[in-house]
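Some notes on the structure that comes next.
The values are calculated or read from the model by the stated rules, or taken from the named source; none is laboratory data. These numbers were taken from a predicted model, which means no experiment stands behind them. Neighbour counts run over all protein chains shown; Cβ positions are idealised from the backbone, glycine included. Ligands, DNA and RNA are excluded from the accessible area calculation, which covers all protein heavy atoms including side chains. Shrake-Rupley method; radii C 1.70, N 1.55, O 1.52, S 1.80 Å.
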Amino acid sequence: MARISRELTSLPKAPTGIEGFDEITFGGLPQGRPTLVCGGAGCGKTLFGIEFLVRGATKFGEPGVCVTFEESADDLIKNVASLGFDLNRLQRAKKLLIDCVYIERNQIEETGEYDLEGLFIRLASAIDSIGARRVLLDTPEALFAGLSNMGILRSEMRRLFAWLKQKGVTAVITGERGEGMLTRHGLEEYVSDCVILLDQRVQDDAVTRRLRVLKYRGSTHGTNEYPFLIDRKGISVLPVTSIGLNHKASGQRIASGVAELDAMLGGKGYFRGSSVLVTGTAGTGKTSLAAHFTEAACRRGERAIYFAFEESPEQIARNMRSIGIELSKWIRKGLLHIEAVRPSSFGMEMHLVRMHAMLHEHNPDVVVMDPISAMIPSGSLHEVGSLVLRIVDFIKARGATGFFTAVTADGDLASTDLSISSLVDTWLLLQNVESNGERNRVMYVLKSRGMAHSNQIREFMLTNRGVKLRPVYLGSGGVLTGSARVAREAEDRREEIARRRDERKRELSLRASMAAVNAKLAALELERNRYKRELEAVAEEGSAQQKAVLSDQDELRASRGIAVNGRVKEQEPNGPKGVS
Amino acid sequence: MKPAKSKKSVKPANVKPAKAKDYDLRLYVAGQTPRSLQALSNLKRICEEHLAGHYRIEIIDLLQKPQLAAGDQILAIPTLVRSIPKPLRKIIGDLSNTQRVLIGLDVQPVE
């Protein structure tokens, strides 16, 4: 529930309990004063008044009196039953009292002076009997039809409203729109504290209901026209959505449902509470991405609403089943609600109010609109743009993550008609690539605020296990996708195999050469060793010979008595004796 | 002049038993205002003149019995209701315009 600001006014107000209305008026209707609700036939004036009484009785503990001048009590009760209001029960509980005032013109003869004290007495009795704080008069203009003395009527009208004020009840008076005047008989003269104007317009074959606070003495109020709708829960007015750009920004990241896409988005996925746009020409797979995202949310136990503008829920479920996404189980669990509606069924405001009401009722964490561009034929670009802006705003204000798809024309892919692209935080672009007689899809992240994202183009494939993203092949001829890529990859593999084979071959041959060289080396080594040994042998022989020569010389010397090794040996007297 | 309090019946001296031609009249007032008193006196005068002996007047003070106002759909004060003969006719005002009262009551004026 939006906060109701009371700082600006000191006027006490009676909350109506009507969805959105208390926000526009910063609290409700002026307490203890009469309010005029006027509009053409069928605008919802009576329903407004009845809802005011019913909510007063059920939500705010204020019983109410309904004085109807035109319908019978039974008709009234039947008419509002479709809004879920059980007037019989309220009457039994003494929270509501219905009094019907009839004036049959042909029954009445006016003879002389009179006043309407009878009406006052009835009103007073009704109010006092249940302690009512709220009153609905629907519509006192019937008095003007039944009685002919204008002078008396006017003065009694004035007296009536003064009497109501004095009684302290908050009153709603209805009046039918007149020519050039707010009401047929000028009730606005007497009820001047607060005037609400209801309007019903047919625009482009669609009916739009609008509400405007024409006047509110003593209080600030929203002055625009606010669209509203009437459905089985009563009246819902769409207040101005978030006056300022003051959304909270979450730092949490949530999965997109496609692992490779998460990888492209900084590894973690979208920001919670952000808005995501997927654009592409027809048939590129936007709905599939939306379905992945929805499924991922439901898997986390979060609630999702899927607004579908072109397909029925069953069709979507069937189509997504073919790529392995089972949505119907989440619908059964109550986490997913698919709301399918043709854009031409309602005017733009009605769409907005319906969505607003549904978001309020279902309270989703994820909102999908597929495709948002389907709205364009049923409204002007400006209107649809304004609708989108408000929806995006509204979704963000609730902290939900918005996911929008849009169909773009073939030629101009990076711009959308709606200029929504500047509103969203993440923009994924799906593109068709034609080559080699076939069309393939590629995807890239055009922007994603607040995170590092990949700038790579990926091939986007719909398999029976969901969306798969694969890196594209960037060859000399450019980007290759699809069968061209497959062919190229096969060729690459073959080339790789061939290369490896060559490599091995070369390796083998080199090894063989090396082995040969090694063998040669071994042989040479042997030879070298032989020479070495020979050298050694020669050296050995040489030294042995030298030793022998020396020893022979020594012996000779010895035998001749010459010094051996420099020493003089003493000669024996008997001369040398044999050789020892 | 009889005070206009709770339900009271006023019958003239020479009353005849109620027949088809008799008039059942109810005058709704809200307290003893000059206008109510005026209406009552006018009513009596008219009845004496034109309905001699064939009428019955009942005075209902809504200040005493406010709940009766809804039953007969009384808005204006004073209101004179002719309940018999049917159909129901209502005449509002202080009944100063005799012609209109007679037309409203659907009574042939006695010349």
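Summary table below
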{"item": "Probe 1.4 Å, accessible area per residue of the protein assembly as shown, Å²", "result": "50"}
{"item": "Region A:1-99 - Rg (one decimal) and Dmax (whole number), Cα, Å", "result": "14.1, 43"}
{"item": "Of the DSSP H helices in chain A, those whose Cα atoms cover at least 18 Å axially and whose Kyte score averages 0.5 or more", "result": "A:117-130, A:381-397"}
{"item": "Using alpha carbons only: equivalent-ellipsoid semi-axes of region A:43-196, gyration tensor based, whole Å", "result": "25, 17, 16"}
{"item": "Helix-only [θ]222 nm of chain A, DSSP H runs n ≥ 4, -39500 (n - 2.57) each, per residue, nearest 500", "result": "-12500 deg cm²/dmol"}
{"item": "Solvent exposure ordering (accessible area, 1.4 Å, most first) of A:Glu314, A:Glu225", "result": "A:Glu314, A:Glu225"}
{"item": "Where A meets B: accessible area buried, both sides, 1.4 Å probe, Å²", "result": "2000"}
{"item": "Cα-based radius of gyration of region A:184-303 once divided by 2.2 N^0.38 Å, which approximates compact folds", "result": "1.68"}
{"item": "For the protein assembly as shown, alpha-carbon Rg over 2.2 N^0.38 Å", "result": "2.01"}
{"item": "Chain A, relative contact order [Cα under 8 Å, separation at least 6], %", "result": "12"}
{"item": "Largest to smallest accessible area among A:Ser274, A:Ser125, A:Ser155 [probe 1.4 Å]", "result": "A:Ser155, A:Ser125, A:Ser274"}
{"item": "Cα lying deepest toward the dipole's positive end in region A:1-92, options A:Pro63, A:Gln91, A:Ala41, charges on Cβ", "result": "A:Pro63"}
{"item": "Long-range amide H partners of A:Leu214 with built H, under 5 Å", "result": "A:Val195, A:Ile196, A:Leu197"}
{"item": "Positive-end residue of A:Leu526, A:Ala544, A:Ser513, charge dipole of region A:508-554 with Cβ unit charges", "result": "A:Ser513"}
{"item": "Dimensionless Rg/Rh of region A:332-459 - Kirkwood Rh, Rg from C-alpha atoms", "result": "1.00"}
